[in-house]
Structures are given as structure tokens and as C-alpha cells.
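Visitor: Got a structure here, written out as C-alpha cells. Questions coming.
Please treat every number below as a calculation from the coordinates, not as lab data. Predicted model only: the values in this text are computed from it and were never measured. Using ideal geometry, Cβ is built from the backbone for each residue, glycine included, and neighbour counts are taken over all protein chains shown.
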Amino acid sequence: MTDLNELQEKINYPKTFDCVQCGYCLPACPTYETMQTETHSPRGRINLVKMLGEGKIGVEDIQEPIEKCLGCRACETACPSNVEYGQILEGAKQVIEEQKKQGKVKQQVEKALFNHMFPSRKWMDAAGHLTWLYQKSGLQTLAQLTDLTKIAPLQLGTFEKVLPKAASPTERKATPSFLPAKGKRLARVGFMSGCIMDSLFHSTNQRTIELLSIAGAEVVLPKNQTCCGALHAHSGKREAARQLAQRNIQAFEEAEVDYVVNNAGGCGAMLAEYDHLFEGEPSWDARAKVFVEKSIDVSALLHQLNYLEFTREIDEVVTYQPSCHMLHVQKVLQEPVELLSKIPGLEYREMNKKDRCCGSAGIYNVVHYEDSMSILNNKMANMKQTQAAAVITTNPGCLLQMKLGIQRAGLQDKVRVVHLVDLLMEAAPQPGKTPLN
Amino acid sequence: MANEWITELRVLIDDGRLLTSPADCYSYSFDGSFGSYLPEAVVQAQSTEEVSNVLKLANQRNIPVYPRGQGTSMSGGPLPVKGGIVLDVSQWNERLDIYPEDMVAVVSPGVITSDIHEKANEHELMYPPDPSSSHVSTIAGNLAENSGGPRGLKYGVTKDYVIGLEVVTPEGNIIRTGGRTIKNVTGYDLTKLIIGSEGMLGVITEATLKLIPKPASVRTLMVTFDTLVEAGGAISELLTSNIFPSKMELMDQASLQAVEQYSAAGLPTDVEALILIELDGHPLALEEEIQQTVTLCRQLGARDISVPEKPEEAKKLWEARKQVSPAIVQWKPTKVAEDITVPRSKIPDMCERLIDIRKRYQLHLVVFGHAGDGNLHPNIICDKRDHEEMQRVEQAVEEIFQSAVQLGGTLSGEHGIGTMKSPFMEMELGQTGIDMMKRIKQAWDPKDILNPGKMFPEPGQKLVLRDD
């Protein structure tokens, strides 16, 4: 019985009672659409976690449905009963993770590295960064890739094509740790550089810092910051995520900033929920809450500062693929679109079902390649309808996935995929004459 | 081998569409109502022939079969209470054809109701039934439960828009009822018999729906009242004043607060009752009717009246209304949702009785609903882990039913009987009334294969909301 109580606590069992099983989440769920069973719907998964908590089924029964969840959290936006699906999901993942056999991990990592990565030059580059990531986080980020062995040989080549060239450690070291505001100083912000963004999208990070300074922010990059912990938390490594969160909270406290800015929807969502990691730890919980209050996506801050003026015309039709975690967790909806509307010459066309996940979902597209591609196919059908020449994204995972989708559709010569910040920088932003609010 | 029949099913159904794992079975063990019952298999049917084959096998082997749409039922319609096979038709949505010249739509069972609305709209036509879950629910579920919705007031309910069906009988034979014409008196009206039979007399595999011209113009009014009873009185008055609204929805204070907490739709939360009214018709006539309604509401003691100018503002109000049912569980996790219906003139009396029941049993009773047609949704928000409270809920529910029947009303306006209301059937229908229904069931389904354990109470069955 105590075992069951312990399990119930881990999986947030009481939270499963918040679900009244009305089914309003079904139309919002990408995996329900593609996999077509209740088992792969939010309502179904919540019920399975509940059944696990009641000892009616075992961890092995929920593993597949839980692991096939994208974690896009669109169901939370659709839910009229405010069920905290994200927490139920992560509790379930933690339990699954704990039950997975430990011994094979190292072996699998090695297998992934030696058989699949080393033969590929680009992946070796990436692997170099993963090693750097591993060192930076000091944790088992690399172990995330153990699942690669399931699908790796065939699909790595596919992803290789869309991977950007990564910045060298020297380039990364050249990043300034402080940049004053270009015009008026409206705020002091700390920039969360992230891991993937800082390696594979280093130039976007550089431009983000510059854009912020043009927009009236004095930018600080705390040295002791680390990985946000999202990948850890989403794969059930809660303790690791907790430790990373502590380091970040401390680093940004010391920087004494008004905002903690990020440019990756997935990281931002993690930062926005740091307080969930410290329930029952009052002092850390309070510090986490302050951090959460300060955490903001770059588009939301730019919109709020309202100080940019764009001086170069961009004659292009664009569409926007929101990051799920930015939309459903951070609730940043209109800001990116409003920023786009300020670029002279630009035509924005809304994509049908733009709120739907693209299937990237962290490392989902690597681990569950086929399922991810079914979801991507639906996304691409809607994307094509817009006839846009550029897809704007706000998260590295989405950016790579959309690039992959465009490549699969043979549109790589017609459509580009751009981070919002990069597009804004193309439009030659200047500090505004007068801030409007 | 306990389940030899599952091996036989494998011959009939493709691998991917016959689900038997514990995770899959548990995922089809519930609906939007109460309780969880484990089936032994789930079949995701994709053709009439498949349904027929499954039912023939089920008859041979004596296996219960439960048709299921998207499982949004509020009365336990698709619950597999006696084990067996859940027959999921939600993924069978290949056909949604509109025939503007005949003003009909022909649809597969798994088509989502709001997709029919959308497609009809493209042809300037309307399929009026609009249950709150229409963006989730399947047409087959709506047909089986004879769903209603706000527009019932002016346009009627699902059964008023079905002119033909393809049905697989409980013994696995395929029949067609009705046709494609408005008038049809050839034989018994089996179409109407099947609609609302809660999946106990046949599995609907295709439907021909009647469409009507889309109203030229639609406007919304929001009217607030200081007391619930006043609002109830106003509804009765308005309906006898020669104005015929297309919708007239009531929300009490608790429902307003719940919805506002979920999504700030801009509804007032400091009034005891709010009525949303929708009028439709020719724009010129509408203008006049709105004026009349406003004047009348003022006379009836309305506190505030607003008439949104923009369609988006009105849409927001109606979306807020759709969220009430799931949103009201914010206080406690369990919801016992009723849908009693009384004659329109008795709406104020019923409101009074509900307030009285709320007080006497000390329960969180929320009232909203399609007040214009007398169909109220008293919802009790409780916690099923609290046995003492649940006992009070059981008593309150019984009293709600008694009140409705005493006032000349009915147990259920649109949710159906299922497992939730069967113990009270005799109260409304009498023994002979139930017996005649049972005879129909017996004749159609001699082995009690289709959706057993629903609608008719087992001897001595009582409403039990406590699971221990």
C-alpha cells in the first residue's frame, strides 16, 4: 500500500481527478489525430496515469502512450477544467524513467556515438557540441540520445541535411558578457543563451542580444548560467532538472536583472515553470517564483518595450509556426505576429491550424521518427496552402523540423525557415524616437 | 482459452483496428459521465460490413457490443458495463456530402457534428442541432442520444433533422430506414425509433440529414437579472410575447464565475443570473425584434442589457456558454450533470425548487442550460471520494427528478438515460410504459447483445455515485 502511495505522489495522482473526461481536448491533440485512439489522447493518457495510481495497470502499460505524447500541451489550452496535464505527464515520465534498466545506458550511448555519429562529419560536429553540452550541464544530456539506437541508422542522414553549421568553441567564447542599450535604456535584461541555441544557432543568439540592445535593453549574459533543464524534465529526470534550475536561478539573481530573456520557446516554457520543481521547498520555491515572474520570451519583451523601428523593406510573404511551449505554456500568442506586422513590405498569411505542433517536440522527432513525420505531413499540408516564401519560428526544434518538412516536400529552393529574431534583424531595426508606452 | 472470440474477431478486423491491450481497453472504459468499465476488446469499425460481421459473431458467441462515438456522453451511453466489445466509430468519417438541390447531407457515423455545420454553411445551409460538445462529438453519438443544444428552442433537436438511416440491426442485418424525402409515411417510422435509442436497437452506419436555409442575419442579446427566479420568470414571459428566439440560455452566478475564471470572456460575475438570447431572421425584422426584446426585458426587471454590435463579440459570448459544463468543476473534481426539462411555463417553479434543494442538501449546485425550451442543467459539483457528500448528492438528484416529473417535465431533455437515470425511469413512465419499451428491445435484440445494462433498471437498482 505504501508503494502505491509513493507512486501516487510521484505521478501527481490527485491531479488526475481534475479531468472530467469531457473530451474537449481530443480535437486539440496532434497524436490523437494521427494515431486515432483514445490511448494516445490527453484524456486517455490522464486516465491511464490514474489507473496506474490505482494499481490497475503497470508502468509498462503506460510507457508507450506516455512516450508517444509530444508534450506540446495544446490540450491545456483546450481544457475548460484547467487540468495540469504537463505535471501529470512529467510525473508519469519520471516513473517510467526510474523503471528503465540502468545498465544498458552506457552501452547504448557508446553505440550511438561510435556507430552513427562518428562516421558522419556533421554529426561529429554536433557530437562535439553535445560533449560540450554534457560538460556545461554536468549531467547526462548525452544519455538523452540513448534512444537514438532504436531508429538512428536510417534517419540520421535526414536530419543531417537540415542541421546548421555549429559555432566553434572559440566563436562562442567571443560572445560579450555585457552589451549596453543602443538608444534609451529602458530595462536591464539577462539573456538565457541556452544549449542548442548557443551551439547550433549561435548567430541567432548574437542577433538576439543586438536586437535587445537596439530595443532599449541593457543585456547581461551571466557566466554561470547553464542548460534550462527542459530535456531532462521532459524525459523524467526531475532531479537533474531541479539542480540546473537552482544554478540558473542563482546566476540570474546575481546579475540583478529586470527580465530573464530567452529566444527558444521550449526553454522559455521550462523557465516559466521552474517553481513546479520546488514544491515543498519554501525558500527555493520563493526564489523560483521571482525568477518565473522575470522570465519572458524575446518577442514578448520587444513588444512590451515597443521601441523598435524597422527601416528596411522586406518584400516577402511569410507565415508563422508558433512554438507549442511558447503558445500553450508561456501563453505568448499575438506578440510575434504583431512584430511581423511592423516590418514594412512584409505580408503575413496565417496558416490554418497554426496552433498545432509540428512534431519536433524536443527529441521526439529523433526518437519517434515515423510518428513525428505523420504529424509533420499534416503541418506541411497547411503550410503549403499559405504559399509563403518563409516560415517564421521561435524555437530551434521547430525551426529544424520545419526545415525538414520543407526539404521532404522538395520546397527547399522556394521556402526558407527563419527565426523571428533573424527576420527582424533583416529589417534593419533602429532605436525608436519615442517609446510609445 | 477464455476469449476464443477475440481470435475470431482477428479474422474480421485489421490488426491496427482491433485493440486488446490493457492500455487500450482502459482507454475505452469511460465516457463523459460516471464510472469506468473494462471492455475485453475495442473494434474501430470502418465499414457497414465490418459492423455487421462483428454483430453476427457477437450473437453467436453472446458477447455484448457497445457502439461509441467520441465518448462525450453525459449519461453513460457507451460504457461497456458488462464487458465485451466497444465498437468505436469515431474514426469512420469518410463521407460528408452536401446535396444543396435536395437540401440534405449524407454522413458517415464518425463525422464530427461541427464539421457538418461548417460544410453546410459553405452552401448557405444550416444543420441546426448544436450540442455544446459539437466540436468533439460524432454525428452517430448525437443520433443515438438524440442530442439537443441551444437551438432546440426554435429549431428542435437531432431527431427533427434525420430523414434516413443505414442501420445494422443487433443481429447483424443491414437495413435502410426512411430515405431522402421530407415526407415519407411508408410503414412504421423506424428512423425515429432508432434516433435516441441509445445504441440499443441498432448501430447507425450512415445518416441522411435534413438541412434548412441559413438565416440571413443573427443577433445576440445579453441580459442580467438580480435573482435566478426573476430570470426564470422573464424567460417564460418573453416566450409568450410573439418573439421567437433561436436560442435562450441561462447561466447562474456560479457558472458565470467558473467561465470567467477559465477564460475572461467579459461576463458579469456579480449577478445571480444571465440570459443569452439569440434572434435570427431577416435583418430588418431583427432590428425591430431586438427593440421589442430590450423593452420587454426592462419591464421584467432586467438589471443590464447589452447587444453586441460585432459578430465576434457575440461569438465570444456563445463560446463562453459552451465552456460552462466542463468549467464548473473548478471547485471540486466530480460533476453530476443532469438535464431535466419542464414545460416552459414551469421554468420559474423549477428554479425555485432547485434553489431549495441546494439549500437543504448543502450542495454546490450550479444551474445553467437551454432555459428557453425548459431544459435546465442542474449540475452538482462534488468530490466522489467524499462518501458522506455523495450520499447527499444521490438524494438531491432523486429529488430533482421528482420535481421535474411533478411539474409535468421529464428526466432527460437531451443527455439520455444510459446508466445514470435508469433507476428513475418508472417514476416517469410507469411500469407498463417501461414494459412496452422492453418489448421493443426484446423483439429487435433477443439476445440482449447491443448496449446491455442501459436505460432499463435492473430489479432494485438505485442511483449509486459512490465507488467502493
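Visitor: Projected onto the charge dipole of the protein assembly as shown (+1 at Lys/Arg Cβ, -1 at Asp/Glu Cβ, origin at the Cα centre), which of B:S114, A:P344, A:P164 gives the Cα projection farthest towards the positive end?
Guide: Most positive-ward Cα: A:P164.
Visitor: Assuming R0 = 51 Å, what is the FRET efficiency of B:E118 and A:R188, from their Cβ-Cβ distance, to the nearest 0.05?
Guide: 0.55
Visitor: Could you check the simple spin-label distance between A:E60 and B:I174, using points 7 Å along Cα→Cβ, in nm with one decimal?
Guide: 4.2 nm
Visitor: Restricting to the range B:4-88, what percent of DSSP beta bridges are antiparallel, rounded to 5?
Guide: Here the share of antiparallel DSSP bridges comes out near 20 percent.
Visitor: If you take the beta carbon distance between B:R466 and B:K82 as r and set R0 to 30 Å, what does 1/(1 + (r/R0)^6) give as a FRET efficiency, to the nearest 0.05?
Guide: The formula returns an efficiency of 0.90 here.
Visitor: Can you tell me the dipole magnitude for the range B:4-88 around its Cα centre, using point charges on the Cβ only (Lys, Arg +1; Asp, Glu -1), in Debye to the nearest 20?
Guide: That gives the range B:4-88 a dipole magnitude of about 220 debye.
Visitor: List the equivalent ellipsoid semi-axes of the range B:4-88 in whole Å, largest first, each obtained as the square root of 5λ for an eigenvalue λ of the Cα gyration tensor.
Guide: Result for the range B:4-88: semi-axes of 20, 13, 12 Å.
Visitor: Give the angle, between 0 and 90 degrees and rounded to the nearest 10, that separates the Cα long axis of helix B:253-262 from the longest principal axis of the Cα atoms of chain B.
Guide: Roughly 70 degrees, rounded to the nearest 10.
Visitor: Moving to a separate point now. Within the set A:K173/A:K354; B:K154/B:K322; A:K165/A:K289; A:K294/B:K322; A:K10/B:K332; A:K331/A:K379, which residue pairs have Cα atoms separated by over 25 Å?
Guide: Long pairs (Cα-Cα over 25 Å): A:K173/A:K354; A:K165/A:K289; A:K294/B:K322.
Visitor: Only bridges with both residues in the range A:310-431 count here: give the DSSP antiparallel percent, nearest 5.
Guide: Counting DSSP beta bridges with both partners in the range A:310-431, the antiparallel share is about 10 percent.
Visitor: Run the quick spin-label model on B:S306 and B:T227: label points 7 Å from Cα toward the beta carbon, then report their separation in nm to one decimal.
Guide: The two pseudo-label positions are separated by 2.6 nm.
Visitor: Ok, one more. Given the Cα-Cα distance of A:N224 and A:L333 and 0.36 nm per residue of separation, how much length would full extension add, in nm?
Guide: Additional length available on full extension: 36.2 nm.
Visitor: About the Cα centre of the protein assembly as shown, what is the dipole size in debye to 20, counting +1 per Lys and Arg Cβ and -1 per Asp and Glu Cβ, all else neutral?
Guide: The dipole magnitude comes to about 2160 debye.
Visitor: Compute the acute angle (0 to 90°) between the alpha-carbon long axis of helix B:113-122 and the principal axis of greatest extent of the alpha-carbon atoms of chain B; round to the nearest 10°.
Guide: 70 degrees
Visitor: Given the protein assembly as shown, what percent of its DSSP beta bridges are antiparallel, to the nearest 5?
Guide: Once the DSSP bridges in the protein assembly as shown are tallied, antiparallel ones form about 70 percent.
Visitor: Moving to a separate point now. Based on C-alpha coordinates, I'd like the Rg and Dmax of chain B, in Å.
Guide: According to the Cα coordinates of chain B, Rg and Dmax are 22.3, 73 Å.
Visitor: For the pair B:S263 and A:A389, what calculated FRET efficiency results from E = 1/(1 + (r/R0)^6), where r is the Cβ-Cβ distance and R0 = 41 Å, to the nearest 0.05?
Guide: Calculated value: 0.70.
Visitor: Okay, next question. Got a sec? Which residues in the range B:319-355 would a label at B:E388 touch, if it sits 7 Å along Cα→Cβ and we count backbone N under 19 Å?
Guide: Only B:332-334 pass the distance filter.
Visitor: How compact is the range A:2-99 by the rule of thumb for globular proteins, expressed as Cα Rg over 2.2 N^0.38 Å?
Guide: After normalising by residue count via 2.2 N^0.38 Å, the value is 0.98.
Visitor: Can you give the angle from 0 to 90° between the axis of helix B:425-444 and the longest principal axis of chain B, with both taken from C-alpha atoms, to the nearest 10?
Guide: 30 degrees
Visitor: Would you kindly state how much longer the chain becomes between B:E352 and B:E426 on full extension, computed as 0.36 nm times their sequence separation minus their alpha carbon distance, in nm to one decimal?
Guide: Here the segment from B:E352 to B:E426 would lengthen by 24.2 nm.
Visitor: Using every Cα-Cα pair within the protein assembly as shown, state what percent have a distance larger than 46 Å.
Guide: 32 percent
Visitor: Return the long-range amide H neighbours of A:Y348 (sequence gap of 5 or more, or a different chain), with a cut-off of under 5 Å between placed amide H atoms.
Guide: Sorted by chain and number, the residues that satisfy this are A:V318.
Visitor: Taking 7 Å along the Cα-to-C-beta vector as the label spot, tell me the B:V294-B:N3 distance in nanometres, rounded to one decimal.
Guide: Here the answer is 6.3 nm between the modelled labels.
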